Amino acid sequence: MTALKRFNFPQLILFGLVGVASIGCGGSTAPDGMPDLHPVTMVVQQNGQPVEGVSVQFIPQDPSNRRWACGGATDAMGTVAIKTLGKYDGAPEGAYKVTFYKTETEGGGAGSGDDPSGSASNDSYMLVDPKFAAVESTPIEVTVTPGDAELAPVDLGKSVKIKQAKM
């Protein structure tokens, strides 16, 4: 008959803490090579009013940061908290061009009987001036530095509603 080793109370606590720590740390490590991230928020407005649901993307000007996609979407107060790779708070230090994109879909829903494909006959509209949607034409540039968590507000000008071509 094999005798079971008895653990004393401090050993049990130690094993328990190691077990909890290993469970809590699973999958939360940053990818290899990820630079330090700095918290970044920005308020996005149209005609001086906060705008919700705008997709904001930071396009790095430094080629070494191009691997680290940064962006987010504005909330009801027009505030976006930038994340890297969609889940890590903040952005790497550096200069960025910033793009903004928002669409709205209107239409008939579930397609008509005359449409054999059964596809919806919805129309899609851009709600932000298209110049803000492309890195080549956006006038917005920012620099992320340690300690500057809140960037200056950005106003995207007048509201627009531009019908997009169907594909």
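Brief remarks follow.
- Among residues of region 124-167 being among the hydrophobic types (A, V, I, L, M, F, W, C), in contact with a strand residue (DSSP E or B) (Cβ under 6 Å, 6 or more places away or on another chain) and farther than 30 Å from D36 by Cα, the one that is surrounded by the fewest Cβ atoms within 10 Å (Cβ to Cβ) is I162.
- Flag for A134 being at pLDDT 90 or above and not in a loop (DSSP other than H, G, I, E, B): no
- When region 54-84 is limited to residues that are part of a strand (DSSP E or B) and among the small types (G, A, S), the one that is nearest to F100 (Cα to Cα) turns out to be S55.
- For region 58-113, a residue qualifies if it is closer than 17 Å to P146 by Cβ, over 15 Å from the mean Cα position of the chain (by Cα) and either at pLDDT 95 or above or surrounded by 14 or more Cβ atoms within 10 Å (Cβ to Cβ) (or both), and the qualifying residues are N65, E93, G94, A95.
The values are calculated or read from the model by the stated rules, or taken from the named source; none is laboratory data. The structure displayed is predicted, hence computed values, not measured ones. Backbone-built Cβ (ideal geometry, glycine too); neighbour counts: all protein chains shown.
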